[in-house]
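Read the structure below first, then the notes.
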Amino acid sequence: AQSVTQPDIHITVSEGASLELRCNYSYGATPYLFWYVQSPGQGLQLLLKYFSGDTLVQGIKGFEAEFKRSQSSFNLRKPSVHWSDAAEYFCAVGQPLSGGYNKLIFGAGTRLAVHP
Amino acid sequence: DTAVSQTPKYLVTQMGNDKSIKCEQNLGHDTMYWYKQDSKKFLKIMFSYNNKELIINETVPNRFSPKSPDKAHLNLHINSLELGDSAVYFCASSSQVAVYNEQFFGPGTRLTVL
């Protein structure tokens, strides 16, 4: 079965500093990978996704992620964090099901705090 | 213009009661989902419907029964509520049953069972 691991439960950075959130997945074939963000009291919003092609993916809000097959990783990065980036970040992998359907398997999330 | 809406936003109830959560999407999507987020923020899919047909049914107690009256609505009815049902429940929708299509999430319903 597929799984997603986010090793860091909680990360704190200073505003303006760079950010990297780690994500490791377990899947035999080429995975479909996603990063979602959940602001306090809100639903989840898609930041970016990877299916194939260029392993460096650009997303919204200045985020990017790099797919590294050799490391089974899909880490999320941002060069300069803003206070409004404080939120919960979820990595997810798409798991194909019979009948052409699929479901998302989420990691446990990483809570990002930003110091002024 | 809320894309995916859920009602109520908060729900506080006693053990043993029956309650429903409603979800509506105005995106024209044909696939809808229910997720449960526990107190540790772990998010797990419960059900998925495509064109009113149940396509994903995880190992959820049969006290949980989804109902899809049409493509735009997916309601969740919970019988005999238990303390462990306390969680945030998210509805989501997507345009196709394909993993590469973005799922749009509602704001969540925080259910507290006393």
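The single condition among (1) in contact with a Ser or Thr (Cβ under 9 Å, 6 or more places away or on another chain); (2) free of Cβ contacts under 8 Å to residues at least 12 places away in the same chain; (3) among the basic types (Lys, Arg) that B:Lys19 does not satisfy is (2).
Please work out which residue is most open to solvent (accessible area, probe 1.4 Å), limiting yourself to the range A:1-46 and to residues that are closer than 13 Å to A:Ala108 by Cα and within 10 Å of chain B (Cβ to nearest Cβ). Selected residue: A:Ile9. Exactly one residue out of A:Tyr89, A:Tyr50 is within 14 Å of another protein chain (Cβ to nearest Cβ), closer than 20 Å to A:Ala17 by Cα and of a type in the set (Phe, Trp, Tyr): that is A:Tyr89. Residues of the range B:23-80 being hydrophobic (A, V, I, L, M, F, W, C) and either open to solvent by 60 Å² or more (accessible area, probe 1.4 Å) or not in a strand (DSSP E or B) (or both), which ones? Passing the criteria: B:Leu27, B:Phe42, B:Leu54, B:Val60, B:Ala72.
Across the range B:103-114, the number of residues qualifying as open to solvent by less than 20 Å² (accessible area, probe 1.4 Å) and at the interface with chain A (Cβ under 10 Å from one of its Cβ atoms) comes to 3. Being away from chain A (no Cβ under 14 Å), closer than 25 Å to A:Ala108 by Cβ and of a type in the set (Phe, Trp, Tyr) is a property that B:Phe64 has.
Taking the range A:39-59 as the range and being touching a Leu at 6+ places or on another chain (Cβ under 6 Å) and modelled with pLDDT of 95 or more as the test, the residues that pass are A:Val57, A:Gly59.
Screening B:Tyr35, B:Tyr100 for residues that are at the interface with chain A (Cβ under 10 Å from one of its Cβ atoms), of a type in the set (Ser, Thr, Tyr) and touching a residue at least 12 places away in the same chain (Cβ under 8 Å) leaves exactly one candidate, B:Tyr35.
Within the range B:83-91, identify whether any single residue is open to solvent by less than 50 Å² (accessible area, probe 1.4 Å), over 22 Å from A:Gly41 (Cβ atoms) and more than 10 Å from every other protein chain (Cβ to nearest Cβ), and answer yes or no. No. What residue, among those in the range A:47-106 that are more than 13 Å from the chain's Cα centre (by Cα) and aromatic (Phe, Trp, Tyr), is most open to solvent (accessible area, probe 1.4 Å)? For the range A:47-106, the residue satisfying everything is A:Trp83.
The values are calculated or read from the model by the stated rules, or taken from the named source; none is laboratory data. Just so we're clear, the structure is a prediction, and the values are computed from it rather than from any experiment. Don't worry about glycine lacking a Cβ; one is built from the backbone with ideal geometry, like all the others, and counts go over all protein chains shown. Accessible surface areas use protein heavy atoms only, side chains included; no ligands, DNA or RNA. Shrake-Rupley method; radii C 1.70, N 1.55, O 1.52, S 1.80 Å.
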